[in-house]
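First the structure, in the form of structure tokens, and then the observations on it.
The values are calculated or read from the model by the stated rules, or taken from the named source; none is laboratory data. Just so it is clear, the model here is predicted, and its values are computed rather than measured. Note that each Cβ is placed from the backbone with ideal geometry, even for glycine, and that neighbours are counted across all protein chains shown.
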Amino acid sequence: MLMKSVKGSLAFLISISLFVLVVPFSANADTVIQPQINYSDNSGLSFAVAPASISGLKNPKLQWFVNGKAVAGATKATFKATAKQKNLSIQVKATAAGVTASSVVGKIGQVIVNVKPTVSLVNPAGNKLVTSPGVFSPKTAKVAYQWYKGPLEIDGAKSSTYAPAGIDEGFKVFVNAKFTAKGFADNSADSIEFLIPVVKRNYEQVWQDEFNLTEGSAPDSAIWSSENGDGSKAAAGGGWGNRERQYYIPTLAKITTAGSLQIDATTSGAGEYNCYYKTPCEWVSSKYITKDKVGFKYGRIEARIKGPVGAGTWGAFWMLGADIDSRLWPWCGEIDVTELVGKAPNTAYGFLHGLLSGGFGGRGTTVDMPKGYADDYHTYAVDWLPESIDWYVDGTLFGSQQKKDKDWVFDHEFYLVMNLAMGGNLGGPIEPGLKQASISFDWIKFSTINGVGEVIKH
């Protein structure tokens, strides 16, 4: 059952300057003349002026140039270079009514790019840029793309389209097109740079859990279910797939006097349970999920959290794909809003996982918190949109990942997870003498972003 669905499209209002060919001749107000030179065979030596490119000129006089010098007698629409002239520059000029228009300067034997690639929006209200490769010869040349932000390559952005992410806002981007053809030297050309404007995001809060229940009570059962055990009975296997040392029980997550939810991890009573490592358990803790009760798709997910203290602690607020029972991890997808690891008390992690999106290692980033995350509450958030996922700490953007993987699995319902793990692959060795740790949640909220996002109640 859909409790609330607010759908829309997040538009990037990008003002793009049109690419203008700078040439000295215009036949009329609507026609810009620039002769275009094409190869007429596969030798890389035979050229011809494209008739349509000079159709606006009346009785034009042509002149071919090699290495900047006019070639005597080369005044026809075709030109045959010699083998010795290979790799020298080639150009043609057309003169009419006393005004001369020049082609691009190419190189004999190299792919000729008459018109550079251009970029435009897919549609006026779209959020994706699409590239036209321009005009080149030979026409059989293949085109490969690479997008840039300033002087830096944008990782993985190698298609003819590009969806700007929040982290691109305020930067200039362009696309480089590389042309390759058998028997010809490669060539490349850049589109014009254009500025990705800073687009205001309007947030409308439509769901929250502020943990305002009776002191000592468990999380709201209409929203949360406890996920118990050491993972041995789950698909992840013992240690929840991460070699974690704790056994989850429901009673270590309770509402505090201050109106927050505190999850404790402790060695006390752990020996009453058996863990996958074939000895009585070392730690017990709690893990709560919204699976089969409340789900989310797109929008802003945020929580105000005070992190744990002690090496070996691993507190987390994260999301898993709601189809995990039919599509196991990482095919279902995972979005980590934040992971707070005791061995790095000044670092917050923001990662996502998919089969190609990093798998076990994940794809994301970290941010330094000079005052740490355990002495006070901080707000951790993700802006989850169809084309990107952005991470924030206390309202500051610190990381972004774009839809680029073939397995992008972040386009369906996810559920929330909050837990305090001990040890494991990321938590690392547990500090000797550590007997107790805790993580606190003041509130969790969900908002739509410019109308995008939905809450699903089952």
Scanning the stretch 128-141 residue by residue, those within 15 Å of the chain's Cα centre (by Cα) and part of a loop (DSSP other than H, G, I, E, B) turn out to be Lys128
Any residue in the stretch 256-279 that is buried (at least 19 other Cβ atoms within 10 Å of the Cβ), out of contact with any Cys (no Cβ under 7 Å at 6 or more places or on another chain) and in a helix (DSSP H, G or I)?
no
Looking at the stretch 262-281, I want the residues that are on the phi < 0 side of the Ramachandran plot and in contact (Cβ under 8 Å) with a residue 24 or more places away in the chain and have a partner that is aliphatic (A, V, I, L, M) and in a loop (DSSP other than H, G, I, E, B) with Cβ atoms under 8 Å, at least 6 apart or on another chain. Which pairs are those?
Tyr273/Ile249
Members of the stretch 125-141 that are among the aliphatic types (A, V, I, L, M) and either without any contact (Cβ under 8 Å) to a residue 60 or more places away in the chain or under 26 Å from Gln91 (Cβ atoms) (or both):
Val130, Val135, Ala141
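Residue-by-condition table, conditions (1) buried (at least 18 other Cβ atoms within 10 Å of the Cβ); (2) more than 25 Å from Phe398 (Cα to Cα); (3) not β-branched (Val, Ile, Thr):
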{"position": "Ile154", "(1), (2), (3)": "yes, no, no"}
{"position": "Ala157", "(1), (2), (3)": "yes, no, yes"}
{"position": "Thr161", "(1), (2), (3)": "no, no, no"}
{"position": "Asn176", "(1), (2), (3)": "no, yes, yes"}
{"position": "Ala189", "(1), (2), (3)": "yes, yes, yes"}
{"position": "Pro197", "(1), (2), (3)": "no, no, yes"}
The conditions are (1) buried (at least 17 other Cβ atoms within 10 Å of the Cβ); (2) touching a Phe, Trp or Tyr at 6+ places or on another chain (Cβ under 7 Å), and Lys172 fails exactly one of them. Which is it?
(1)
For residues in the stretch 239-253 being crowded, with 19+ Cβ neighbours inside 10 Å and not in a loop (DSSP other than H, G, I, E, B), which is farthest from the chain's Cα centre (by Cα)?
Leu252
Would you confirm whether any residue within the stretch 319-335 is within 29 Å of Pro432 (Cα to Cα) and in contact (Cβ under 8 Å) with a residue 24 or more places away in the chain?
no
Just checking, which of Ala234, Ala222 is assigned to a loop (DSSP other than H, G, I, E, B) and under 28 Å from Glu454 (Cα atoms)?
Ala222
Evaluate the stretch 80-100: report whether one residue or more is touching a helix residue (DSSP H, G or I) at 6+ places or on another chain (Cβ under 8 Å), surrounded by 20 or more Cβ atoms within 10 Å (Cβ to Cβ) and in contact (Cβ under 8 Å) with a residue 60 or more places away in the chain.
yes
Considering (1) touching a strand residue (DSSP E or B) at 6+ places or on another chain (Cβ under 7 Å); (2) more than 22 Å from Trp314 (Cα to Cα); (3) not in a strand (DSSP E or B), say which one Gln208 fails and leave the rest.
(3)
Of the residues in the stretch 254-289, those that are within 19 Å of Gly241 (Cβ to Cβ) and within 33 Å of the chain's Cα centre (by Cα) come to Ser286, Lys287, Tyr288, Ile289
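Filter the stretch 164-212 down to residues that are within 20 Å of Pro151 (Cβ to Cβ) and of a type in the set (S, T, N, Q), then give me how many there are. Can you show your working first?
First, the residues of the stretch 164-212 that are within 20 Å of Pro151 (Cβ to Cβ): 164-165, 167-178, 188-196.
With of a type in the set (S, T, N, Q) added as a condition, the list becomes 176, 188, 191.
Qualifying residue count for the region: 3.
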Residue under evaluation Asp411, criteria (1) in contact with a Gly (Cβ under 6 Å, 6 or more places away or on another chain); (2) within 25 Å of Trp147 (Cα to Cα), criterion not met:
(1)
Check Leu426 against each of (1) in contact (Cβ under 8 Å) with a residue 40 or more places away in the chain; (2) not in a helix (DSSP H, G or I) and name the one condition it does not meet.
(2)
Looking at Ala157, Ala144, Ala177, can you tell me which residue is of a type in the set (A, V, I, L, M), in a loop (DSSP other than H, G, I, E, B) and in contact (Cβ under 8 Å) with a residue 12 or more places away in the chain?
Ala157
How do the strands (runs of 3 or more DSSP E) wholly within the stretch 1-68 filter down when requiring 3 or more residues that are of a type outside the set (A, V, I, L, M) and either modelled with pLDDT of 90 or more or outside the structural domain of Thr448 (by TED's automatic domain parsing) (or both): which remain?
61-66
Between Thr379, Thr448, which is of a type in the set (S, T, N, Q), assigned to a strand (DSSP E or B), under 23 Å from the mean Cα position of the chain (by Cα) and under 30 Å from Val284 (Cβ atoms)?
Thr379
